[in-house]
Amino acid sequence: MEKLWTTAEVAKYLEVQEVDVEQLVKQGKLTGYKLGGQFLRFRPEQVEGLKGTIQFRPNSAMPHRGKRSWISQLTDLVYIYDFYIVSAALLIIVVIYLVVG
């Protein structure tokens, strides 16, 4: 039985991010096989054939996560969890209102 590649192996071979590999699957340009219901695996020959036909942005175009400032990270956190932050704030206001009022 041939060895199937993981998403990380495909991303490394194509010199892209794993998110780009997932996008190729969503676009139907690459067939991924699910193992265990969630783990995608790929046939090496299909990936090798795809490399010459599609233009990708290089990995260097992606920002390095380690170099982001704490303000940028905090902004992302608030952006992602804004619903929960607003809900918690409203809950605290209601509790204070009920206790004080």
* How many of the residues in region 46-101 are over 21 Å from V19 (Cβ atoms), of a type in the set (G, A, S) and at pLDDT below 85? -> 3
* Which one of the conditions (1) surrounded by 12 or more Cβ atoms within 10 Å (Cβ to Cβ); (2) touching a Leu at 6+ places or on another chain (Cβ under 9 Å) does A11 fail to meet, given that it meets all the rest? -> (2)
* **region 21-49 residues that are in the same structural domain as W5 (by TED's automatic domain parsing), paired with ones that are of a type in the set (K, R) and surrounded by 14 or more Cβ atoms within 10 Å (Cβ to Cβ) (beta carbon under 8 Å, 6 or more apart)** => T31/R43; G32/R41; Y33/R41; Y33/R43; K34/R41; L35/R41
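The values are calculated or read from the model by the stated rules, or taken from the named source; none is laboratory data. All figures in this text were calculated on a predicted structure; none of them were measured in a lab. Neighbour counts run over all protein chains shown; Cβ positions are idealised from the backbone, glycine included.
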